[in-house]
1. Pairs of alpha-carbon atoms within less than 8 angstrom and 6+ residues apart define the contacts here; what relative contact order does chain A have, in percent?
2. With a sphere of radius 13 Å drawn around the Cβ of B:Thr186, what net charge do the other residues whose Cβ falls strictly inside it have (Lys, Arg +1; Asp, Glu -1)?
3. Simple spin-label model, 7 Å along Cα-to-Cβ: B:Arg52 to B:His148 in nm?
4. Put a point 7 Å out from Cα along the line to Cβ at B:Arg281; what are the distances to that point in the other copies, in nm, shortest first?
5. Rolling a 1.4 angstrom probe over the protein chains, ignoring ligands and nucleic acids, what is the accessible area of A:Glu92 in square angstrom, nearest 10?
6. Alpha carbon centre of segment B:99-114 versus segment A:207-278: separation in Å?
7. Total accessible area buried between chains B and A, 1.4 Å probe, in Å² to the nearest 100?
8. What does the structure give for B:268-275 when I average, per residue, the other chain Cβ atoms found within 10 Å of the residue Cβ?
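The values are calculated or read from the model by the stated rules, or taken from the named source; none is laboratory data. Being a predicted model, the structure only gives us computed values, none of them experimental. Heads up, the Cβs are rebuilt from the backbone with ideal geometry, glycines too, and the neighbour counts pull from every protein chain shown. These accessible areas exclude ligands, DNA and RNA; they are computed on the full protein's heavy atoms, side chains included. Shrake-Rupley method; radii C 1.70, N 1.55, O 1.52, S 1.80 Å.
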Number of protein chains: 2
Amino acid sequence: LTAGWDDAKLRLMAMERIRHVTIIGVGLLGGSLGLAIKRRCGKVHVAGVGRRRSSLKQALDIGAIDSAHLDARQAVAESDLVVLATPVGGFEGYLRIIAPLLKRGAIVTDVGSTKSQVVKIAGRILGAAGPFVASHPLAGSDKKGPQHARADLFQGATCILTPTGQTPVLMLRRIERFWKTLGMRTVNMPPHLHDRVMARVSHLPHAAAVILMLLPGEGDLALSATGLRDMTRLASGDAEVWRDVLLTNRREMLSAIDRFDELLMRLRDLIDVGDGPGIHRLLQRAKNRREGTIARLDQ
Amino acid sequence: LTAGWDDAKLRLMAMERIRHVTIIGVGLLGGSLGLAIKRRCGKVHVAGVGRRRSSLKQALDIGAIDSAHLDARQAVAESDLVVLATPVGGFEGYLRIIAPLLKRGAIVTDVGSTKSQVVKIAGRILGAAGPFVASHPLAGSDKKGPQHARADLFQGATCILTPTGQTPVLMLRRIERFWKTLGMRTVNMPPHLHDRVMARVSHLPHAAAVILMLLPGEGDLALSATGLRDMTRLASGDAEVWRDVLLTNRREMLSAIDRFDELLMRLRDLIDVGDGPGIHRLLQRAKNRREGTIARLDQ
């Protein structure tokens, strides 16, 4: 019964109203987040922090933010929630700037695609049991900038949270509730596991798209069809964002690349010796796995 | 002026009516071809040849063919045009069967994705200056079977023809006209060049999709998003068709795999040493190239 009471109390406290949010980085993700908060979270002031006046103005114009700031210090002191939405490489600098200014009870989260290094850095700056709860909403676009922001970007998608053993459970619950309010499902997993899975289902595929785009001669592309178009769409993503993803998921990327290479060399050998049944088995295995899983997402 | 006359005469002769077509292989491509011919070519008898009664019946039911044959010999003798639409590995057997039965003036073509080996085999069986003009309509689907056939599959797409130096120009013109009647643009190139370009823009991407599908653990796929879904769509393609493509484009596939591997190892090194500017340059180069070319095909 004590457990039940604790749980109810936790739920109650997790519901405490968020009245002031600072979003650092008002690009596509930050802008969409502002729009979603304005639509879903009731009366909340959303402060936007950016490096460029033009992006801040666009974010204001579309109603994604209520106030615009070139200096994070101006916005953070009043915030119940601060969300880092710059490329991952910018997190450390901003965490150092905001750390001394955070009000009591404020929570910091992010929307970055890698987690181990972010969690380590945030722990060092804000304290291991500090107010940082790492998030990775699995939503995005190859488009860039607040002009492509969409209030429904997060709707129906999954948000992965990567608490550590020292993350206060109350903060975790509040961040879970926050993403759920925006229409997301939440899943919790350790940072290193997140990074391993993402290397395999997202970061390595991104790298493959980049290489597939560089491999043909430019003239060859006139004879490409929808297959290559779909396979290279990720290569239109922002180079700065993805540079930081690859840099901050180094170990798991190297391991995923080695695994890809191993499979590619196995296929190479089968083609080299003309092993028809071996090639057929490999292709059929991939087809069966896809049709048992993600093929149901095909449009 | 002689040239002008020849040209006009060639055009006239190329327009000679096709009244009877045999399609060997009534899957998605063969079925779509039948539907397109029935819609676009006026009064033509389309004979379908298949290995399975069920596919032949479906092709008859949707109106893709007028007569169904388990034995190619029954259909071919009356045909002005024979189209090979089985997996590439089946072409040689059918060419041997039909060779002695073709009527004078009949043309044989195909819809296969590789050309050098096909052209060589057809030359051996039908004669180097014989009635074979190789075609590769750049149209398809990851779906299989005549039930997914579409009359507009070829509409607006490109068809690559790979004549040799000995292909009679009159036959080439007739086959060009045939595909144009179905709404396609035609491009001519030598077989070996076709196979090199296709290895880079189609066959290697297909192999990469297969490997990307096999790399993650099956549980990891629950956390994948639209990026992986789009990148692996090709892996849902028919295993028999693609086995034959990889086997019959051996040399160019090995070369494309080696080039892919070289680029992948270059990226691996950049990640390994943490070379941010180097990674950014690579990503930006791929992005620029995509946006200058195939990004305009994005939906």
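1. Rounded, it is 17 percent for chain A.
2. On the way: positive: B:Arg173, B:Arg174, B:Arg177, B:Lys180, B:Arg185; negative: B:Glu176.
Overall, the nearby charge balance is +4.
3. So the label points at B:Arg52 and B:His148 sit 1.3 nm apart.
4. Sorted ascending, the copy-to-copy spacings read 4.3 nm.
5. Using a 1.4 Å probe on the heavy atoms, I get roughly 60 Å².
6. 37 Å
7. On the way: alone 16890 and 16870 Å², together 25530 Å².
For chain B against chain A, roughly 8200 Å² becomes buried.
8. Details: counts 7, 1, 3, 11, 5, 1, 4, 2.
Going residue by residue through B:268-275 and averaging, the value is 4.
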